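**Q** Following this message is one structure expressed as structure tokens.
The values are calculated or read from the model by the stated rules, or taken from the named source; none is laboratory data. Everything numeric here is computed off the predicted structure, so don't read it as measured data. Reconstructed Cβ throughout: ideal geometry from the backbone, glycine too, with neighbour counts over all protein chains shown. Heavy atoms of the whole protein, side chains included, go into the accessibility calculation; ligands, DNA and RNA do not. Shrake-Rupley method; radii C 1.70, N 1.55, O 1.52, S 1.80 Å.
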Amino acid sequence: MQAAQTFEETEFLLHLLSQPGSTVLGVTGWVQLDSPQALAQLDKIAPHPKLVAIRPMLQDIQADDWVMQPQVIEHMRRLPQYHLRFEVLTYPQQLPYALRAIERVPELDIVINHLSKPRYGTTLQKEWRDCMKQFAQNPHAYCKLSGMVTEVGKGWSIADFQAHAEYALEHFGPYRVMFGSDWPVCLQCATYEEVVTLAELLTSQLKEEERNAFWGANAARFYGV
């Protein structure tokens with residue numbers, strides 16, 4: 001489960017997960033990484049056993065190089081000390097800056113959300129292709145096969161995503177790519193069942209053990225749940 005970009009919602013979700021009967025395994029939260037408040041916020045929520053990661057909404061920030069701020073990088077350096085991962089939510093034009101920032105924190109476990117929302121089709125953007133390949137060379141980097149249908153809109157087909165899925169699997173390998181439903185956002189363009197079927201088709205070439213990794217084991221290992 002992922003929080004919106006408010007600290008209050010992060011606290012609210014963690015409160016829900018503390019209730020008896022909760023079946024959610026983990027929360028990706030938000031803290032103000034470009035503010036001195038970040039450490040106080042992390043000190044407050046990091047002890048919760050179901051906080052697993054932090055995700056700044058880089059895709060919604062006007063400055064593509066926001067993540068390169070020294071204060072942001074310094075707070076990213078603290079995340080492994082809290083046993084937290086970092087989720088990269090970007091568009092392709094923000095990927096080079098995210099890559100440079102993460103190179104400064106080599107011990108940080110990171111996952112690229114939604115394949116970084118490339119322009120889908122049969123042609124792979126050079127900037128996206130080059131950055132994804134460099135991210136994949138980092139053994140701490142994973143990638144989510146998710147958030148695809150809303151980037152194309154209604155009328156999407158498997159052919160829209162085939163080349164990008166193959167590229168991610170080629171470079172990250174089947175043990176560092178994980179399924180993500182992007183529910184409920186996906187409902188704008190597809191049912192949950194259609195998103196699952198799409199992912200099944202895009203990974204049909206994998207062996208049984210690799211499919212099991214994609215559908216759950218990779219995420220469990222990455223998030224420590």
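**Q** Counting other Cβ atoms within 10 Å, which GluC sites (Glu not before Pro) in the stretch 99-195 have at most 15 and lie in a DSSP loop?
**A** Sparse-neighbourhood loop GluC sites (Glu not before Pro): GLU107.
**Q** By how many nm would the segment from TYR192 to ALA4 lengthen if fully extended, with 0.36 nm per residue of separation less the alpha-carbon distance? Present the calculation step by step, with values, prior to reporting the outcome.
**A** Values: separation 188, 0.36 × 188 = 67.68 nm, distance 2.05 nm.
Roughly 65.6 nm would be gained on extension.
**Q** Dipole of the stretch 1-119, Cα-centred, from +1 at each Lys and Arg C-beta and -1 at each Asp and Glu C-beta, to the nearest 20 debye?
**A** Values: 10 positive and 13 negative charges, 52 e Å.
Dipole about the Cα centre, nearest 20: 240 debye.
**Q** Tell me, what is the percent relative contact order of the stretch 1-65, built from C-alpha pairs under 8 Å that lie six or more residues apart? Walk me through the numbers before you get to the answer.
**A** On the way: 73 pairs, mean separation 22.3, N = 65.
Relative contact order here is 34 percent.
**Q** In the stretch 1-52, if every C-alpha pair distance is counted and binned at 10 Å from zero, what percent goes to each bin?
**A** 27, 57, 14, 2
**Q** By how many nm would the segment from ALA40 to VAL152 grow when fully extended, if each residue of separation counts as 0.36 nm and the alpha-carbon distance is taken off?
**A** Working: separation 112, 0.36 × 112 = 40.32 nm, distance 3.97 nm.
Contour length minus Cα-Cα distance gives 36.3 nm.
**Q** Go through ASP43, ASP182 and list them by solvent-accessible area, largest first, probe radius 1.4 Å.
**A** On the way: ASP43 95, ASP182 35 Å².
Descending accessible area places them as ASP43, ASP182.
**Q** Ok, one more. Ranked highest first by average number of other Cβ atoms within 10 Å, how do 52-58, 196-202 line up?
**A** On the way: 52-58: 21.4, 196-202: 16.6.
Taking the mean over residues of other Cβ atoms within 10 Å, the ranking is 52-58, 196-202.
**Q** If you add up the charges near SER18, with Lys and Arg at +1 and Asp and Glu at -1, over every other residue whose beta carbon is less than 12 angstrom from its beta carbon, what do you get? Intermediate values should be presented prior to the final figure.
**A** On the way: positive: LYS50; negative: GLU11.
Taking every other residue near SER18 into account, the sum is 0.
**Q** When the accessible area of the chain is split by element with a 1.4 Å probe, what percent falls to carbon and sulfur?
**A** On the way: 5530 of 10680 Å².
Taking all protein chains in place, the chain shows 52 percent carbon and sulfur surface.
**Q** A further question follows. ASP64 versus GLU170, label points 7 Å from Cα toward the beta carbon: distance in nm?
**A** Between ASP64 and GLU170, the simple spin-label model gives 2.4 nm.
**Q** Please report the orientation-averaged projected area of the stretch 39-81, defined via the convex hull of its C-alpha atoms, in nm². If you can, show how the numbers build up before the last one.
**A** Values: hull surface 14.0 nm².
Spelled out: convex hull of the Cα atoms, projected over all directions, averaged, 3.5 nm².
**Q** Any idea how far apart THR122 and ARG77 come out in nm if each label point goes 7 Å out from Cα toward Cβ?
**A** About 4.8 nm, to one decimal.
**Q** Let me ask something else. So what is the relative contact order for the stretch 1-115, in percent, with contacts set as C-alpha pairs under 8 Å and at least six apart? Walk me through the numbers on the way to the answer.
**A** Working: 170 pairs, mean separation 26.0, N = 115.
Here the relative contact order equals 23 percent.
**Q** Stokes-Einstein at 37 °C, 0.692 mPa s, Kirkwood radius from Cα pairs: D for the stretch 19-120 in µm² s⁻¹?
**A** On the way: Rh = 14.2 Å.
Approximately 232 µm²/s, per Stokes-Einstein.
**Q** Work out how much length VAL24 to ASP130 would gain on full extension: take 0.36 nm times their residue separation and subtract the Cα-Cα distance, in nm to one decimal. All intermediate terms of the calculation are to be shown ahead of the outcome.
**A** Values: separation 106, 0.36 × 106 = 38.16 nm, distance 3.52 nm.
That pair, VAL24 and ASP130, stretches by 34.6 nm at full extension.
**Q** Give the Debye-formula value of log10 I(q)/I(0) at each listed q (0.12, 0.17 Å⁻¹), with one equal scatterer per alpha carbon of the chain, two decimals each.
**A** -0.64, -1.31
**Q** Which one of SER146, CYS189, PRO70 has its Cα pushed farthest toward the positive end of the charge dipole of the chain, where Lys and Arg give +1 and Asp and Glu give -1 at the Cβ?
**A** Result: PRO70.
**Q** Would you mind working out the accessible area per residue for the chain, using a 1.4 Å probe, and quoting it in Å²? Could the numbers behind the result be given before it?
**A** Numbers: 10680 Å² over 225 residues.
Counting only protein heavy atoms, the per-residue value for the chain is 47 Å².
**Q** Quick check: the distance between the Cα centres of the stretch 32-50 and the stretch 62-103, to the nearest angstrom?
**A** A separation of 16 Å, based on Cα centres.
**Q** Return the loop-located trypsin sites (Lys or Arg not before Pro) in the stretch 96-127 (DSSP other than H, G, I, E, B) with at most 16 other Cβ atoms within 10 Å of their own Cβ; answer none if there are none. Don't skip to the end; give the middle numbers.
**A** Numbers: sites: ARG100, ARG104, ARG119, LYS126; in loops: ARG104, ARG119.
Passing both the DSSP loop test and the Cβ count: ARG104, ARG119.
**Q** Just to be sure I follow the rule: in the chain, considering lysines 8 or more places apart or on different chains, how many pairs have Cα atoms under 30 Å apart?
**A** Value for the chain: 16.
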